[in-house]
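Student: Have a look at this one.
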Amino acid sequence: MIGAVDIGGTKIAVGVVDDTGKVLSRMEAPTDAEHYANGLSDIERMLRETARQAGVELSGIGIGSTGPVDPMRGEFGDVDFLPGWRGRSPVTDLAAIFNLRVALENDGDAAALAEAGWGAGQNRTRLIYVTVGTGIGGGIVLDGQLYRGVDGAHPDVGHHVVDPAGPQCSCGFHGCWESLAAGPAMVAWFEKHAPVDNPNRQGITAKRICELAQQGDALALKAVEHEAYYLGLGLANLINLFTPDAIVLSGSVMKSAPLFLDRIRAVIRQGCRFVPADKTELTLASLGDDTNLIGAARVWRYRFRQ
């Protein structure tokens, strides 16, 4: 029974996950971005409470966290939206509190491990997990092993450039995949092209654009077309680079996947002429809203049950 911790910029989810990937209990609390000690206290409290609710004793603790982390040292890196957590080690601290082994990974890597082990990527030896929401992230599993770059680094798939003349990205470059194909990019395109008197312009969200597109709104359909094109470009690049067995798509934007998939597949066919792109299955994540919690548990199993 693994205590699973999913640390995000706005909330922390905690649960207990069994050996089959089933979430037995869960809780969540707002993230205190400025004060690590408060966040650690919340995690400890929720781990104890979820274990009590499930009626189990924890065997270990797995953590998936947003932002750059050092999985080997168990420390947070330069996480912009968690300034009070930089350089802190939840692995060391939770191990001391619970006297258990603790493992930490980036949440994209954690979710990739979850889908590879217990989800849509089972029995796939080469898998890329991509989540499309407020940003674009993901993880890569090759021959059952989580791909790591130099110094154990997590590859940031959302920040490869697809259009150097595109909008400025938070990373400093222009035209990163994230800046053109994440949810806020679709909102920005809609706001730019909507007439001032468009009744849907005020407070528009990516979710609302998808709803309008499903209702046949012409401008929303164009926004979806634009979004799907750039999603397809980025996925075509990943296929050309890695020729995976499967790409698993997740995230809030992909909850409206039927709006995008045909256009995405057309772009991939156009841009992947020299690799067997038709052998790469494009599929949706299967673990639902608990993917990150399940991924956190999978992090522990991957680290200590290899």
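The values are calculated or read from the model by the stated rules, or taken from the named source; none is laboratory data. Because the structure is a prediction, the values reported are computed rather than measured. A quick note on method: Cβ atoms are made from the backbone with ideal geometry, for glycine too, and the neighbour counts reach across all protein chains shown. Areas reflect the complete protein model, heavy atoms only, side chains present, ligands, DNA and RNA absent. Shrake-Rupley method; radii C 1.70, N 1.55, O 1.52, S 1.80 Å.
Student: With every protein chain kept in place and ligands, DNA and RNA left out, what is the accessible area per residue of the chain? Probe 1.4 Å, answer in Å².
Tutor: 46 Å²
Student: Right, something else. What residue among Pro276, Pro199, Pro155 shows peak mean-square fluctuation when the chain is described by a Gaussian network model with Cα springs under 10 Å?
Tutor: Pro199
Student: Another question, if that's okay. Which one, Gln122, Leu104, Thr92, projects farthest toward the positive side of the charge dipole computed for region 76-123 from Cβ point charges (K/R +1, D/E -1)?
Tutor: Thr92
Student: Which angle from 0 to 90°, rounded to the nearest 10, does the C-alpha axis of helix 218-242 make with the longest principal axis of the chain?
Tutor: Helix 218-242 and the main axis of the chain meet at about 60 degrees.
Student: Once the Cα atoms of helix 261-271 and of the chain are each reduced to a long axis, what angle between those two axes, in degrees from 0 to 90 to the nearest 10, is obtained?
Tutor: Tilt relative to the chain: about 80 degrees.
Student: Tell me, what % of the accessible area of the chain is carbon and sulfur with a 1.4 angstrom probe?
Tutor: 49 percent
Student: Order the following by accessible area, largest value first: Thr10, Thr243. Probe radius 1.4 Å; ligands, DNA and RNA are ignored.
Tutor: Thr10, Thr243
Student: Using heavy-atom solvent-accessible surface (probe 1.4 Å) with all chains present, what is the largest-first order of Met46, Met1?
Tutor: Ranking Met46, Met1 by accessible area, largest first, yields Met1, Met46.
Student: Compare Ala116, Ala13, Ala54 in a GNM of the chain, Cα atoms joined below 10 Å, and give the one with the largest fluctuation.
Tutor: Ala54
Student: No solvent, one uniform scatterer per C-alpha: report log10 I(q)/I(0) for region 1-95 via the Debye equation at q = 0.15, 0.16, 0.17 1/Å, two decimals.
Tutor: Normalising to I(0) and taking log10 leaves -0.53, -0.61, -0.68.
Student: I want the local charge near Thr243. Using Cβ-Cβ distances under 9 Å, sum +1 for each Lys or Arg and -1 for each Asp or Glu among the other residues.
Tutor: The answer is +1.
Student: Next up: Can you order the peptides 285-298, 123-136, 157-170 by their average number of other Cβ atoms within 10 Å per residue, highest first?
Tutor: 285-298, 123-136, 157-170
Student: Over all distinct alpha-carbon pairs, what is the Kirkwood Rh of region 188-306 in angstrom?
Tutor: 16.3 Å
Student: With Cα extents along the principal axes in Å defined as stated, name the option among (1) 57, 45, 34; (2) 50, 43, 39; (3) 67, 43, 31 computed from the structure displayed.
Tutor: Entry (1).
Student: What angle do you read, to the nearest 10 degrees and between 0 and 90, between the alpha-carbon axis of helix 291-304 and the longest principal axis of the chain?
Tutor: The angle comes out near 50 degrees.
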